[in-house]
Amino acid sequence: MASTTEVPYKKIEKICCIGAGYVGGPTCAVIAYKSPHIKVTIVDLNQARIDAWNSDDLPIYEPGLDEIVKASRGRNLFFSTDVESAINEADLIFVSVNTPTKKSGMGKGFAADLGYVESATRSIANLATSSKIVVEKSTVPCRTAQSMRRILDANGKPGVKFDLLSNPEFLAEGTAIKDLLNPDRVLIGSLDTPSGRSAASSLVDVYANWVNRKQIITTNLWSSELSKLVANALLAQRISSINAISAICEATGADVDEVAYACGLDTRIGPKFLKASVGFGGSCFQKDILNLVYLSESLHLPEVATYWKQVVDMNEYQKSRFTKRIISSLFNTLSGKRIALFGFAFKKDTGDTRESASISLCQYFRQERATVALYDPKVEETQIWLDLTETAPQDNLETIKKQVIIAADPYEAAKNADAIVVATEWDMFKDTNLDYEKLYSLMNKPAFIFDGRLILDRPKLEKIGFKVEVIGKASHDIGYE
Ligand code: NAD
Ligand code: UGA
């Protein structure tokens with residue numbers, strides 16, 4: 001590990017964050033909140049996003065975020081589209097732009113599109129008139145810092161020096177503020193040179209305003225970059241592993257929650273991230289694993305690539321397996337039936353829908369000629385239409401709207417429905433919070449519930465009259481009770 005102790009370092013007074021998204025916004029808002037002596041300016045090219053950050057209606061929903069932003073905005077936290085001024089006055093710049101999977105060209109479907117990182121890096125090189133610490137906050141392929149350094153060195157003004165750090169973010173959406181206020185660890189990678197170690201110490205000093213120094217770890221740059229991809233790959237691998245087991249449970253009468261609990265009590269395995277589901281979503285797990293797959297292939301390690309690719313393949317399998325179970329339970333046809341889809345976000349407590357399993361389910365149901373009535377407490381209508389048109393380019397919005405209804409509440413969604421499908425684990429969908437007797441009375445009979453998140457009390461709902469099918473639990477028809 002690189003050592004940052006007893007290295008002279010510069011105290012950071014001004015920070016700029018390029019990218020006001022799910023990571024840049026909350027992360028730098030928390031830095032400002034916990035470090036009133038540091039001026040933090042978050043910039044973005046997207047004027048609407050910046051306007052929203054400056055309004056009472058923040059562009060992302062995240063529990064606790066409103067309070068943090070309100071406490072610091074206008075004091076030492078600023079949101080702006082003036083990229084040049086923010087770069088120029090900052091001592092330290094976070095690059096927190098998007099790194100989506102490439103949609104075309106070499107590495108299409110696997111490699112990360114580094115266009116936004118390159119463009120932000122070029123802006124820094126072209127605009128900076130004094131030396132800066134530049135921090136990779138975005139999740140990037142291993143050795144991206146080297147490319148950024150080359151761009152900075154080739155384009156920077158004479159006498160302007162850049163130190164590069166890697167400081168990947170581990171927050172999860174829905175718990176971002178909790179994760180940022182109390183992180184398991186903060187990871188900072190630097191070059192093992194006096195100037196690299198000094199830059200790392202400056203960043204350590206920022207986090208030390210609220211994080212215990214023992215939890216701030218410093219490594220070499222490449223370990224830091226790779227650790228981020230590996231952390232996501234390992235987390236997603238656990239979900240795909242338990243989802244693979246859920247298929248065995250459904251066929252044998254074992255109960256996946258009981259299996260996960262029994263295995264998770266082994267302290268070497270641990271209980272977290274063993275909740276079977278309809279499949280993981282979110283902007284990063286799939287993207288980062290595919291990135292790791294591409295890296296492995298580029299390094300001529302096909303066996304390693306195949307190993308990690310299987311985590312994504314299993315996730316796709318889980319979504320189609322769940323859909324097949326729904327079709328076969330509904331007498332092998334969805335044609336003309338109404339499916340109430342509960343939840344569109346990729347997990348609870350976020351309005352984010354990127355790679356949400358609900359999008360795939362909705363498209364599968366449409367292909368089977370069902371009508372989908374969906375309800376989500378946080379996702380905006382415009383986002384739903386955007387997701388459905390982007391994932392079915394052959395259909396225009398009018399065609400999609402003939403098959404998809406956005407309901408005002410779960411009861412409206414369930415009216416005349418043949419089945420409820422729980423796709424997101426929002427607390428409001430639990431049988432303690434919704435009136436399932438009322439839902440039952442509104443539905444066609446037999447009324448089915450497919451619990452893709454294991455949040456419902458099956459015996460209680462069966463007592464009402466529902467036919468209940470749960471991920472990782474056998475159907476009653478199989479006779480394994
Ligand atoms: P996002 O799409 O929400 O935000 C990125 C923002 O960067 C956008 O608002 C975009 O307009 C802006 N941007 C792009 N290029 C720019 C430029 N040249 N100048 C100024 N602004 C620019 O993305 P995100 O979810 O915040 O993710 C950012 C990075 O963090 C990704 O690499 C992602 O993998 C990583 N990450 C995300 C999460 C998460 O929970 N979303 C968690 C950890 C890490
Ligand atoms: C994940 C990681 O947890 C973060 O550490 C990381 O910083 C982030 O990706 C990132 O790099 O973007 P996030 O995707 O926001 O965070 O949310 P998770 O809580 O990890 O959930 C991801 C998906 O897995 C969700 O669809 C969730 O419902 C699903 N999941 C999670 C399960 O199906 N089972 C589980 O046991 C846990």
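Here is how the numbers come out for the structure above:
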read-out	value
Cβ-isolated cysteines (cut-off 4.7 Å), the chain	16, 142, 249, 263, 284, 362
Degrees separating the helix 221-252 axis from the principal Cα axis of the chain, which is the longest one	10
From the C-alpha gyration tensor of the chain, square roots of 5λ in Å	44, 24, 21
Length released on extending from residue 272 to residue 333, taking residue separation times 0.36 nm less the Cα-Cα span	18.3 nm
Label-point separation in nm, residue 150 to residue 411, each point 7 Å along Cα→Cβ	6.3
For segment 150-291, fraction of C-alpha pairs farther apart than 21 Å, in %	59
Potential lengthening between residue 104 and residue 317 on full extension [0.36 nm per residue; Cα-Cα distance subtracted]	74.2 nm
From phi via Karplus (6.51, -1.76, 1.60), per-residue ³J(HN,Hα) for segment 262-271 in Hz, x at Gly/Pro	4, 6, x, 5, 5, 4, 6, 8, x, x
Range of Cα positions in segment 285-478 per principal axis (Å), largest first	59, 41, 33
Residue exposure sequence - 148, 428 - by fewest surrounding Cβ within 10 Å	428, 148
Computed lengthening from residue 386 to residue 437, 0.36 nm per intervening residue step minus Cα-Cα distance	15.0 nm
Nitroxide proxy distance, nm - points 7 Å out along Cα→Cβ at residue 214 and residue 263	3.2
Ranking of 284, 16, 263 by count of other Cβ atoms within 10 Å, fewest first	263, 284, 16
Likely footprinting exposure, 404, 43, fewest C-beta neighbours within 10 Å first	404, 43
Phi to ³J(HN,Hα) by Karplus 6.51 cos²θ - 1.76 cosθ + 1.60 over segment 323-339, Hz, x for Gly, Pro	5, 4, 5, 5, 4, 5, 5, 8, 6, 6, 8, 9, 4, x, 8, 10, 10
Reachable aspartates and glutamates, given that their alpha-carbon falls under 12 Å from the alpha-carbon of residue 14 and they are not under 8 places away in the same chain	89, 91
Computed E for residue 248/residue 70 - FRET, C-beta separation, R0 45 angstrom, nearest 0.05	0.35
Phi to ³J(HN,Hα) by Karplus 6.51 cos²θ - 1.76 cosθ + 1.60 over segment 358-363, Hz, x for Gly, Pro	4, 5, 4, 4, 4, 5
Translational diffusion coefficient (Stokes-Einstein; Kirkwood radius from C-alpha pairs) of segment 222-360 at 37 °C, 0.692 mPa s, in µm²/s	198
Kirkwood hydrodynamic radius over Cα pairs of segment 14-211, then Stokes diffusion coefficient at 37 °C and 0.692 mPa s, in µm²/s	193
Amide H contacts under 5 Å for residue 17, placed H, 5+ residues apart	41, 42, 43, 94
Calculated [θ] (222 nm, deg cm²/dmol) that DSSP helices of n ≥ 4 give over the chain, each run adding -39,500 (n - 2.57)	-13500 deg cm²/dmol
Residue 428-residue 403 pseudo-label distance in nm [points 7 Å out on the Cα-to-Cβ vector]	2.7
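Here, each number is a calculation from the coordinates, and none is a lab measurement. Please read these numbers as outputs of a predicted model, since none were measured by experiment. When we count neighbours, we look across all protein chains shown, and the Cβ atoms used for this are built from the backbone with ideal geometry, even at glycine.
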